[in-house]
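Taking it in order: structure first as structure tokens, then the write-up.
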Amino acid sequence: MKRYFTSELLDKGVDGERYEVYGWVARIRDLGRVKFVILRDREGYIQLVAKSGETPSETLESINTLDREDVIKAVGVFRKNPQAPGGGEILVEKIEVLSKVTEPAPIEVENSLSSDLSTRLRWRWLDTRNPKINLVFRVESEVARLFREYFLLEDFVEIFTPKIVGGATEGGAEVFPILYFDKQAYLAQSPQFYKQMGVIAGFERVFEIGPVFRAEKHHTTRHLTEYHSIDYEIGFIRDYHDVMDIAEGAFRHVVESLFESSLGRRVVRELGVEPPKTPKRFPRVSLKDLYKILSDRYNKRIPYGEEPDSETEKLIWTYSLEKYDSDFIFVTDYPWKTRPFYTMRRSDDPNFTFGFDLIFRGLEVATGSQREHRYQVLLNQLREKGLDPDRFWFYLEFFKYGAPPHGGAGIGLERVVMQLLKLENIREARLLPRDPERLFP
């Protein structure tokens, strides 16, 4: 007998046919001659009905021994019933207990969202039994798949780079040191150097979806010390607009594909989230212009040459909605002093770069730029940032033997999901988040 998920059975089940379902006991109601067991699986709920005089006595006895969160298998006849949750139920014939709970669960699965986030994360495997929470990670899985699909359709090569590295990617102190046999090593902050190597190595278009690690003691709703980054790099570009075109195409593919699917319809129906506004072309506005726009329209003054803070990113989104009816906006030409040494500077104003951020519903979700591909310029920029070229010898070698003009970006998977689903904290978009305090489970 084929196993059916609850949603599939409620949607396609044939009245009067016998079916087999598996899941956890969510609720039990005993009305004397009639007993109801609400079964939960990853798709939702279905009602099991047992009646004295109709249901085998051993099945009735089994129901009497059930507790919430027991794992069971149930076999019975499906019946359409508009009064039942989801419009159908199973007249149960047999219940087999596959696993008994040993004590009451520390959080109530059905109401896990009423618990504070710290408690939910402590008992995450119970929290995610709640179908609404489970749905978040179904979406995250699909978002990652759709990004991968887009890059493959655009002739990118997927690469897999080291997460144990010999030096900090950006030269800062925000790295996790580890002991690598008898040497000092670090957890990778980014695949930046290696995806540039991929372009220079002749692959021309590369991407990777993998973990990155940042030893930053942030206690905000938008930072993690470990997250998944969607990184890409392309060679032989004309300018940084080519890099933004790829980011825009990827996000458009993800949003449109997701919300046209049955999963996206579940998101709208069950989470009350509407699809983002995506115009024919995402607006692209220079940060130098935004200094004046924000001051004139919103009385928000950013010191010239500084990056927007989180409050300013929300204002930029407000501007994007008002001016372009778009939940997405590229902010271009970031200051040199705030960008990594490998970013290409503007020749007409070296205090600014060909760097950009993509802001989605008020939060930066992607950061990218045209990279500096000229060896001597790159070496000079590294020194200007106060970095020791000897510590970056292996990276500099990539550029000695012909490097094409190139650029790329990094996209935070959890941030994308957070903004798609309008979650309040990035930890809600990470199955097992890591922050300065959290190391278990």
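One table, with the values for the structure above:
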read-out: When residues of the stretch 57-79 are limited to those that are small (Gly, Ala, Ser) and assigned to a strand (DSSP E or B), the one nearest to Arg29 (Cα to Cα); value: Ala74
read-out: Selection within the stretch 203-234 - open to solvent by less than 50 Å² (accessible area, probe 1.4 Å) and hydrophobic (A, V, I, L, M, F, W, C); value: Val206, Phe207, Ile209, Val212, Phe213, Ala215, Leu224, Ile230, Ile234
read-out: Answer residue from the stretch 42-53, given it is of a type in the set (D, E, K, R) and at pLDDT below 95 and is nearest to Gly87 (Cα to Cα) among those; value: Glu43
read-out: Tabulated pairs, the stretch 305-326, first in contact (Cβ under 8 Å) with a residue 40 or more places away in the chain, second crowded, with 20+ Cβ neighbours inside 10 Å and among the polar types (S, T, N, Q), C-beta under 8 angstrom, 6+ apart or interchain; value: Ser326/Ser320
read-out: Those helices (runs of 4 or more DSSP H) lying entirely in the stretch 199-315 with at least 1 residues under 25 Å from Asn425 (Cα atoms); value: 240-259, 262-266
read-out: Flag if Arg346 is within 25 Å of Ile426 (Cα to Cα) and among the basic types (Lys, Arg); value: no
read-out: Near pairs, Cβ below 7 angstrom, 6+ apart or cross-chain, from the stretch 361-387 (touching a residue at least 40 places away in the same chain (Cβ under 8 Å) and among the polar types (S, T, N, Q)) to any residue that is in a loop (DSSP other than H, G, I, E, B) and surrounded by fewer than 18 Cβ atoms within 10 Å (Cβ to Cβ); value: Gln370/Asp239
read-out: Counted residues, the stretch 5-33 - those being farther than 13 Å from Val71 by Cα, open to solvent by 30 Å² or more (accessible area, probe 1.4 Å) and assigned to a strand (DSSP E or B); value: 4
read-out: Considering residues of the stretch 258-285 that are among the charged types (D, E, K, R) and touching a residue at least 12 places away in the same chain (Cβ under 8 Å) only, the residue least open to solvent (accessible area, probe 1.4 Å); value: Arg266
read-out: Residue under evaluation Thr312, criteria (1) out of contact with any Ser or Thr (no Cβ under 8 Å at 6 or more places or on another chain); (2) among the hydroxyl-bearing types (Ser, Thr, Tyr); (3) more than 21 Å from His241 (Cα to Cα); (4) open to solvent by 10 Å² or more (accessible area, probe 1.4 Å), criterion not met; value: (4)
read-out: Checking Pro405 against (1) farther than 30 Å from Ala201 by Cα; (2) open to solvent by 30 Å² or more (accessible area, probe 1.4 Å), the condition it does not meet; value: (1)
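So that you can scan it fast, the table gives a plain yes or no per residue for (1) at pLDDT below 95; (2) in a strand (DSSP E or B); (3) farther than 19 Å from Val143 by Cα; (4) more than 26 Å from the chain's Cα centre (by Cα):
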{"position": "Tyr395", "(1), (2), (3), (4)": "no, no, yes, yes"}
{"position": "Tyr401", "(1), (2), (3), (4)": "no, no, yes, yes"}
{"position": "Gly407", "(1), (2), (3), (4)": "no, yes, yes, no"}
{"position": "Ile411", "(1), (2), (3), (4)": "no, yes, no, no"}
{"position": "Val416", "(1), (2), (3), (4)": "no, no, no, no"}
{"position": "Gln419", "(1), (2), (3), (4)": "no, no, no, no"}
{"position": "Leu423", "(1), (2), (3), (4)": "no, no, no, no"}
{"position": "Arg427", "(1), (2), (3), (4)": "no, no, no, no"}
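The values are calculated or read from the model by the stated rules, or taken from the named source; none is laboratory data. Predicted, not measured: the structure shown is a model, and the values here were computed from it. With ideal geometry, Cβ positions are generated from the backbone for all residues, glycine too; neighbour counts draw on all protein chains shown. We work out accessible area using only protein heavy atoms, side chains counted, and drop any ligands, DNA or RNA first. Shrake-Rupley method; radii C 1.70, N 1.55, O 1.52, S 1.80 Å.
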